[in-house]
Amino acid sequence: MVDLHLDRSRTVCRSQQWIEARLALDEAKTAFSDEIMHPEWRTVAIVITICSKDWDEAIRSAKQGAPHIDILAVLSRVIFLTNYVQPCTRYLKAALRLDADHAQAAKLFRRVKAIGVAKDACDRVFAIGDNASAIAKYTKALEMGGTDIEGAGGLPEAAVLSNRAAA
């Protein structure tokens, strides 16, 4: 029965129907209220909260309950979206120490590093007054940006957009 609810939650999340995903998750919680919340349900709940751009609540939810590698990976993502790169990197390193092959954590770690390098390159060209190159580099950095499943890229994307507009 638990697998049935998890499958339904996964399916609805893949279709990015967040209201239905929240309803499916609430239904699962009600059906299994006496059991400890499955880590994947916690992950789905946090992802739904990220998609509604309530990052503070996503962070609170991720920090509640027993630690789990998937939760650490999602917590890292929401911390990154709030533009706290150093804490994000710390959580990602902790997740990767638990499982060096964790796909989601490894992918986000590479992305955080790549975006940091791109942002530094953009800022350097902007600082010397090469606005055309800065705009091109900021535009390229935006291509690494987030999706709706990440709250549309969060504050890092907003900062890049602002910097590009200034160039």
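The values are calculated or read from the model by the stated rules, or taken from the named source; none is laboratory data. All values derive from a computational prediction rather than experimental measurement. Every residue, glycine as well, gets a Cβ built from its backbone with ideal geometry; the counts of neighbours run over all protein chains shown. Remember, those area values only see protein heavy atoms, side chains included, never the ligands or the DNA or RNA. Shrake-Rupley method; radii C 1.70, N 1.55, O 1.52, S 1.80 Å.
Taking (1) surrounded by fewer than 19 Cβ atoms within 10 Å (Cβ to Cβ); (2) more than 14 Å from the chain's Cα centre (by Cα) in turn, Arg110 satisfies each apart from (2). All told, Leu108 falls short of being without any contact (Cβ under 8 Å) to a residue 24 or more places away in the chain, over 24 Å from Leu25 (Cα atoms), among the hydrophobic types (A, V, I, L, M, F, W, C) and in a helix (DSSP H, G or I). So which residues in the stretch 1-37 are at pLDDT 75 or above, open to solvent by less than 80 Å² (accessible area, probe 1.4 Å) and among the acidic types (Asp, Glu)? Across the stretch 1-37, the qualifying residue is only Asp26.
Pairs are defined by a Cβ separation below 6 Å, a sequence spacing of at least 6 or placement on different chains, a first member in the stretch 43-71 that is more than 21 Å from Ala103 (Cβ to Cβ), and a second member that is assigned to a helix (DSSP H, G or I) and of a type in the set (D, E, K, R); the pairs so defined are Thr49/Glu57. Cβ separations smaller than 6 Å between residues 6+ apart or across chains give the following pairs from the stretch 118-143 residues that are of a type in the set (A, V, I, L, M, F, W, C) to residues that are open to solvent by less than 30 Å² (accessible area, probe 1.4 Å) and outside any helix (DSSP H, G or I): Phe126/Ala167; Ala134/Ala167; Ile135/Ala167. For the stretch 113-144, the set of residues classified as surrounded by 15 or more Cβ atoms within 10 Å (Cβ to Cβ) and of a type in the set (Val, Ile, Thr) consists of Ile115, Val125, Ile135, listed by residue number.
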